[in-house]
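Bear in mind these aren't lab numbers, they're just calculated from the coordinates by the rules spelled out. Computed from a predicted model, the values in this text were never measured in an experiment. Glycine gets a Cβ as well: all are built from the backbone with ideal geometry, and neighbour counts include every protein chain shown.
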Amino acid sequence: QVAFIPKTMIGDAGVATVMSEKKGVVFGDVQSFSKKSVDRISPVCPHFNQCPSCHFLHIDYAHELRIKTDTFK
């Protein structure tokens, strides 16, 4: 089943709460991490965890570009 959990990345592991489900796709919210990706960086914005706007501040720019490029292949 496909799950969209904002502000996570490949390599993260933890607990998430299901917020909604539509047509077999789950939308969740992170509650805690048991393991964080080795590629994760500290976001420069102090509001990153509370603000719903920025999705890639926890990923370095080069990695962000690779993710976006791979998405559109």
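Tally time: how many residues in the stretch 36-50 are of a type outside the set (G, A, S) and under 13 Å from the mean Cα position of the chain (by Cα)? Qualifying residue count, the stretch 36-50: 7. Which members of the stretch 17-73 meet the condition of being aliphatic (A, V, I, L, M) and in contact with a strand residue (DSSP E or B) (Cβ under 6 Å, 6 or more places away or on another chain)? Hits for the stretch 17-73 are V18, M19, V25, V26, V30.
Sub-6 Å Cβ pairs linking a first residue in the stretch 35-64 that is among the hydroxyl-bearing types (S, T, Y) to a second residue that is surrounded by 11 or more Cβ atoms within 10 Å (Cβ to Cβ), at least 6 apart or interchain, are S37/M9; S37/G11; S37/D12, ordered by first then second residue.
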